[in-house]
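To keep things clear, I will list the structure first and then write my remarks on it.
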Amino acid sequence: MEKTRKKEESQLKSIRSDVNRLEKKKESLNRDKGDLENDIRSLKGDLNKLESKKNKIESRINSQLGKIEDEKSKIEIEKERIKRERDKIESEKDSLRKDRERLDSEIRKLKSLPKHQIKTKRPS
């Protein structure tokens, strides 16, 4: 009986030791859990800050893109105005070239006539 009792006491000591070890492990795990929860909250805060910065940057980018589109539109309008002006100048140039050719032709004809056939207009 004494052996049984000693055996039981030994088993009880072993069980108590295991319980103490498990309780310490549980406390350690609870501390780790708390630390991890704090880390998660901190990371969520950091994520929110980053998302806010990202949104501000996207907003600025969209604003700049809008300005770029406006400028592109203004440039296209200006290109069209310049093209119309260039076409007008080309048309005037062609008209002047034709007038010059016509006048040159008349001058050649006049030069080929004898002097007495040339009629001149006198200013009044």
Please compute the modelled spin-label separation between Lys115 and Ser14, points set 7 Å along Cα→Cβ, answer in nm with one decimal. 15.0 nm
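Charges only on Cβ, +1 for Lys and Arg, -1 for Asp and Glu: so what's the dipole of the chain about the Cα centre, in debye to the nearest 20?
My answer is approximately 840 debye.
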Starting from the Cα of Ile77, step 7 Å along the direction of its Cβ; do the same at Leu36; then give the gap between the two resulting points in nm. 6.2 nm
In cubic angstrom, how much convex hull volume per residue do the alpha carbon atoms of segment 12-107 span? 99 Å³
Helix 2-112 versus the longest principal axis of the chain: what is the Cα-based angle in degrees, 0 to 90, to the nearest 10? 0 degrees
Calculated [θ] (222 nm, deg cm²/dmol) that DSSP helices of n ≥ 4 give over the chain, each run adding -39,500 (n - 2.57): -34500 deg cm²/dmol
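Readers should treat all values here as calculations from the given coordinates under stated rules, not as data from a laboratory. Quantities reported herein were computed from a predicted structural model and do not represent experimental measurements. Cβ atoms come from the backbone with ideal geometry, glycine included; neighbour counts cover every protein chain shown.
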